[in-house]
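Shown next, in structure tokens, is the structure this report addresses.
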Amino acid sequence: MKLLEERILKDGLVKSGNVLKVDSFLNHQMDIALFQEMGKEWKRLFADVPVDRILTIEASGIGIAAVAAQYFNVPVVFAKKTQSINLDGSVYSTKIQSFTHQRVYDVIVSRKYLSPGDNVLIIDDFLANGCAVEGLLEIVETAGAKLSGVGIAIEKGFQDGGKRLRERGIKLESLAIIDSMDAESGSICFRNQ
């Protein structure tokens, strides 16, 4: 998606450790007009599959998933990283390793909001090693739901998460795929450029 790539080049900051800082428009301050264009693009890319719900993980995935959901006219369910007193009943849970935060989270989704037979589209902000998506896939499978696909805003194509998902036959649509980036020069190269 050219619009997203241009925004990454304009406002993204490459940091050491393969970190891309895009908090000025994606995962701290949110550019809703950009999110709307991303939602329209995912709707186009997933027009051929049924979608009953969008599943994401807190916190950075919630904004883009919520905006995208208006184009699918479906609810968003997000996996919580902490147990709360207002989450009652039975839950699906798994462990997810965060690339950005370098820690393992126990994530949960109430069984009330994800049911057998649901057609689930996973949407998230980043795909690096694929740990978050793998955890969400485990929750979808445990629920007996059907995976419609995975929509990612920014994929780090030089890490193996996307490759592994595609090798499993999962419909993965990333709006921007970065093939390389360099913290010293600040350069970013996108796939198909």
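The values are calculated or read from the model by the stated rules, or taken from the named source; none is laboratory data. Remember, predicted model here, so these are calculated numbers, not experimental data. Glycine also receives a Cβ, built like all others from the backbone with ideal geometry; neighbour counts cover every protein chain displayed.
Restricting region 139-157 to residues that are crowded, with 16+ Cβ neighbours inside 10 Å and either of a type in the set (Phe, Trp, Tyr) or over 23 Å from Phe72 (Cα atoms) (or both) leaves a set whose member that is farthest from the chain's Cα centre (by Cα) is Gly157. The residues of region 161-174 that are of a type in the set (Asp, Glu) and under 15 Å from the mean Cα position of the chain (by Cα) amount to a single one, Glu173.
Take region 56-76 and flag every residue that is touching an Asp or Glu at 6+ places or on another chain (Cβ under 9 Å) and assigned to a strand (DSSP E or B). Listed by number, the residues that qualify are Thr56, Ile57. Go through region 16-36 and give me each residue that's farther than 15 Å from Ala66 by Cβ and surrounded by 13 or more Cβ atoms within 10 Å (Cβ to Cβ). Asn18, Val19, Leu20, Lys21, Val22, Asp23, Ser24, Phe25, listed by residue number. Scanning region 159-184 for residues that are free of Cβ contacts under 8 Å to residues at least 60 places away in the same chain and in contact with a strand residue (DSSP E or B) (Cβ under 9 Å, 6 or more places away or on another chain) turns up Gly161, Gly162, Leu165, Arg166, Ile170, Leu172, Ser174, Ile177, Asp179, Ser180, Glu184.
Only residues that are touching a helix residue (DSSP H, G or I) at 6+ places or on another chain (Cβ under 6 Å) and among the hydrophobic types (A, V, I, L, M, F, W, C) were counted across region 2-33, and they come to 3. Residues in region 98-136 that are more than 22 Å from Asn73 (Cα to Cα) and either buried (at least 16 other Cβ atoms within 10 Å of the Cβ) or of a type outside the set (Val, Ile, Thr) (or both): 19 in all. Selection of region 52-66 for residues being farther than 15 Å from Ser110 by Cβ and crowded, with 22+ Cβ neighbours inside 10 Å yields Ile54, Gly61, Ile64, Ala65. Within region 25-44, no residue satisfies the criterion of being touching a Lys or Arg at 6+ places or on another chain (Cβ under 9 Å), over 15 Å from Lys2 (Cα atoms) and either modelled with pLDDT of 95 or more or among the small types (Gly, Ala, Ser) (or both).
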